[in-house]
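Trainee: Handing you a structure now.
The values are calculated or read from the model by the stated rules, or taken from the named source; none is laboratory data. Keep in mind it's a predicted model, so treat the numbers as computed, not measured. We place every Cβ from the backbone using ideal geometry, glycine too, and count neighbours over all the protein chains shown. For the accessible areas, the whole protein counts, side chains as well, though only heavy atoms, and no ligand, DNA or RNA atoms are used. Shrake-Rupley method; radii C 1.70, N 1.55, O 1.52, S 1.80 Å.
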Amino acid sequence: LGLCDSFLPVSFVEDRNMIKGIYDCRNYEKLCDIDRLGCDECLGIMINLINNAVQTERHCIFAEDVDYRIENCFVSRENGDVKFLFIRDSNRISFKEKMLRIMDYMSENLSEKEREVFRKAAAMAEQTESSRAIAGFLESLRRELNETKP
């Protein structure tokens, strides 16, 4: 319905007793298709992911019910925006576990120094229940990272 912009817009088409959803992913790239992301971009993606999950709950769409996987994650490299395909998750895996899986995936392509920063973020996320606290910590890490850049 377009009420929650955490998800890619979808149009529905009826075709021979089937209803097909067509997602509009213009200006977005599938996360698993992006070759190289820097630590700053990865932290930004995770902050947006958390903020999107909080926003979806305002629409009574709970993170445990959404299939947050890298295959369903789309990123705008222009503005760092993150959107997902709206696909229900019947496994009811916690949002934290889904978030940690995405973080683990992204850390694989970071340099050793950047991976260390990202590990710190993942360790904090594992120990904290509050999504807002995790987002705040990621923001502070991101600021730190940008201050130390030459």
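Trainee: What number goes with the only condition from (1) open to solvent by 50 Å² or more (accessible area, probe 1.4 Å); (2) under 10 Å from the mean Cα position of the chain (by Cα) that residue 64 does not pass?
Mentor: (2)
Trainee: Could you check segment 26-39 and list, in sequence order, the residues that are modelled with pLDDT of 90 or more and open to solvent by 20 Å² or more (accessible area, probe 1.4 Å)?
Mentor: If the condition is that a residue be modelled with pLDDT of 90 or more and open to solvent by 20 Å² or more (accessible area, probe 1.4 Å), then 26, 27, 28, 29, 30, 32, 33 are the ones that fit.
Results for (1) modelled with pLDDT of 90 or more; (2) in a helix (DSSP H, G or I); (3) over 20 Å from residue 35 (Cβ atoms), shown as yes or no for each residue.
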position	(1), (2), (3)
109	no, no, no
113	no, yes, no
120	no, yes, yes
129	no, no, yes
132	no, yes, yes
136	yes, yes, yes
145	no, yes, yes
150	no, no, yes
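Trainee: Name the pairs: first residue in segment 72-92 and in contact (Cβ under 8 Å) with a residue 60 or more places away in the chain and closer than 14 Å to residue 28 by Cβ, second residue in a loop (DSSP other than H, G, I, E, B) and open to solvent by 70 Å² or more (accessible area, probe 1.4 Å), Cβ to Cβ under 8 Å, at least 6 apart or on different chains?
Mentor: These pairs meet every condition: 83/5.
Trainee: On the basis of being open to solvent by 70 Å² or more (accessible area, probe 1.4 Å), at pLDDT 90 or above and of a type in the set (D, E, K, R), does residue 78 make the cut?
Mentor: no
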